[in-house]
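Notes follow the structure.
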Amino acid sequence: MNKDKFRYWLDFNIALAFKEIKARYKYTVFGFLWMFLNPVLQMLVIGFVFRFFVPVRVDNYFLFLFSGLLIWNFFSISITRATPMFVYERSLIQKAKFPREAIILSIIFSNLFHFVISIFLLLIFVFLTSSVSVKGLLLLPVIVVWLTILTSAFSLIFASLNVRFRDVNFLIQAIMPIWFYATPVMYTINLLPKNLYWLFHLNPMTSLVELMRYSILNIPLSNSTFLISGLFITILILIISMKYFKKENIYFDDWL
Amino acid sequence: MKKTRKNTVILAKNISKSYLLRTERPTAIEKIFSKKKTNRRFALKNININIKQGERVGVIGNNGSGKTTLLKILAGITQPTSGKVLVRGKVVSIIDITAGFHLDLNGIENIFLNGLIIGLRKQEINQRLDKIIKFIDIGDYINAPLYTYSAGMILRVGFSVAIFSNPDILLIDESFAVGDEIFRKKAIQKFEEFAEQQKTLVVVSHWPGFIKKNCNRVIHLKKGKIVHDGGLDLLDLYFTMPQC
């Protein structure tokens with residue numbers, strides 16, 4: 001891809017992402033304020049519920065849970081929304097030639113925008129209530145990039161598969177809650193028997209949630225081999241996803 | 001970027017396009033468990049076309065004769081099942097000028113969105129924005145969300161973006177008899193400028209008046225095959241012929 005083409009590709013993605021964001025807040029009374037209100041309300045609800053109900057013994061369960069949920073919500077909301085997207089945008093795909101991955105990436109980018117705002121709000125809260133290590137904070141951009149790549153890769157392959165097999169959309173809706181419980185968002189891994197660890201090795205979200213907690217709350221990683229397997233699987237999914245999309249996207253029109 | 005007049009800009013070599021004929025889409029389960037013979041239908045069969053720079057081609061034919069499929073293949077929206085297509089130059093295709101619109105966004109935002117979708121660079125849109133707005137000519141409505149527009153106004157926006165995209169090759173599918181008489185005149189004038197600038201035009205249309213005025217070559221498709229390819233005299237033949 002030459003420079004001019006890349007520039008166009010980037011502009012196109014950004015324009016679609018801003019369309020996503022703008023269209024979402026048009027004609028709401030609070031407008032873009034919702035971007036901040038939403039995560040704050042979420043924090044309040046979680047904080048309120050878990051004052052009375054603490055299933056896991058960790059210091060500051062509220063922050064423990066919220067930081068994990070932030071990562072998970074970005075992942076699951078993006079994928080659930082992106083999976084049927086090629087089908088929803090069929091009228092566009094049938095009628096114009098443009099980089100089709102932008103339909104998926106624009107959803108990821110617009111969610112990323114919200115995700116980053118939420119992280120900042122969380123950081124402010126953490127600053128006010130406890131201490132933060134600078135070393136951990138340096139890790140945050142790495143987490144965000146990794147999470148974005150992983151989410152894009154999954155979204156792209158699910159959405160592409162969904163063009164031919166509309167079952168994929170239902171499958172994703174069913175899998176996401178299970179995946180949530182298979183990711184240590186509400187609990188810590190050391191509560192579970194060691195013979196379940198293979199599952200966490202297969203799930204790259206494990207490392208991301210744990211890294212987030214390490215970065216913000218200084219909770220040590222349970223097992224550093226999760227990082228290696230998580231990274232490996234991310235790269236694998238990314239390659240498969242891009243290969244499949246490249247092969248299939250020229251025939252989308254036939255199936256929509 | 002000066003080209004000689006007789007350059008071939010679109011070359012279709014023996015292209016065919018077949019679709020699976022199906023009443024239901026195959027699901028993953030069905031695909032694994034049944035090996036049903038699939039019924040393939042040809043939308044296009046062994047099409048050979050050579051279009052030179054500056055030619056203005058009108059494609060005619062009954063519904064289902066493969067006109068839009070041909071246009072989509074030339075535009076790169078879909079791939080032919082077999083055969084080869086070579087297209088030289090910047091192509092802008094308008095199969096449905098309102099496809100990329102978002103009704104909640106305003107006119108200007110939609111100009112950018114639609115412009116990017118048909119392949120314009122962002123700075124190109126910026127440069128032409130004033131001209132486009134002037135051409136659309138709907139006053140303050142340009143800052144209002146699209147859902148407040150009338151159907152004709154929406155078409156005007158789409159058409160104007162397309163016309164200012166400045167392509168080497170313009171592919172158009174029907175439905176551009178847009179707007180009122182004043183706007184149509186402006187549109188026709190733009191097409192004439194196109195012709196003067198030696199731009200290539202491929203139009204699918206049922207409107208003989210438009211083809212007569214703007215084209216110098218007619219291709220008649222029937223059931224996926226080219227039955228006639230020649231001058232405008234074909235037009236009289238086709239439109240006076242009883243349709244069967």
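The values are calculated or read from the model by the stated rules, or taken from the named source; none is laboratory data. Since this is a predicted model, take the numbers as computed values, not measurements. Using ideal geometry, Cβ is built from the backbone for each residue, glycine included, and neighbour counts are taken over all protein chains shown. We work out accessible area using only protein heavy atoms, side chains counted, and drop any ligands, DNA or RNA first. Shrake-Rupley method; radii C 1.70, N 1.55, O 1.52, S 1.80 Å.
Annotations
- Residue ID - farthest from A:Phe245 (Cα to Cα), chosen from residues in region A:138-157 that are open to solvent by 40 Å² or more (accessible area, probe 1.4 Å) and aliphatic (A, V, I, L, M): A:Leu138
- Inside region A:16-43, residues that are free of Cβ contacts under 8 Å to residues at least 60 places away in the same chain and either open to solvent by less than 70 Å² (accessible area, probe 1.4 Å) or basic (Lys, Arg) (or both) make up a count of 7.
- Residue list for region B:125-153, restricted to those being within 14 Å of another protein chain (Cβ to nearest Cβ) and crowded, with 19+ Cβ neighbours inside 10 Å: B:Ile125, B:Leu146
- Inter-residue pairs, beta-carbon under 6 Å, first touching a residue at least 24 places away in the same chain (Cβ under 8 Å) and in region B:49-63, second hydrophobic (A, V, I, L, M, F, W, C) and open to solvent by 40 Å² or more (accessible area, probe 1.4 Å), 6+ apart: B:Asn50/B:Leu11
Rundown of residues vs (1) more than 21 Å from the chain's Cα centre (by Cα); (2) under 30 Å from A:Asp167 (Cβ atoms), yes/no style:
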{"position": "A:Tyr8", "(1), (2)": "yes, no"}
{"position": "A:Asp11", "(1), (2)": "yes, no"}
{"position": "A:Asn38", "(1), (2)": "no, no"}
{"position": "A:Phe62", "(1), (2)": "no, no"}
{"position": "A:Ile77", "(1), (2)": "no, yes"}
{"position": "A:Ala82", "(1), (2)": "no, yes"}
{"position": "A:Arg90", "(1), (2)": "yes, yes"}
{"position": "A:Lys97", "(1), (2)": "yes, yes"}
{"position": "A:Ser106", "(1), (2)": "no, yes"}
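- Residue in region A:92-104 that is more than 23 Å from B:Gln123 (Cβ to Cβ), more than 14 Å from every other protein chain (Cβ to nearest Cβ) and free of Cβ contacts under 8 Å to residues at least 60 places away in the same chain present: yes
- Any chance A:Ser160 is surrounded by 16 or more Cβ atoms within 10 Å (Cβ to Cβ), within 14 Å of another protein chain (Cβ to nearest Cβ), assigned to a helix (DSSP H, G or I) and of a type in the set (Ser, Thr, Tyr): yes
- When residues in region B:168-199 are screened for being under 12 Å from the mean Cα position of the chain (by Cα) and modelled with pLDDT of 80 or more, 5 of them pass.
- Top-ranked residue of region B:94-124 - restricted to ones that are in a loop (DSSP other than H, G, I, E, B), within 12 Å of A:Asp11 (Cβ to Cβ) and at pLDDT 85 or above, ranked as farthest from the other protein chains (Cβ to nearest Cβ): B:Leu120
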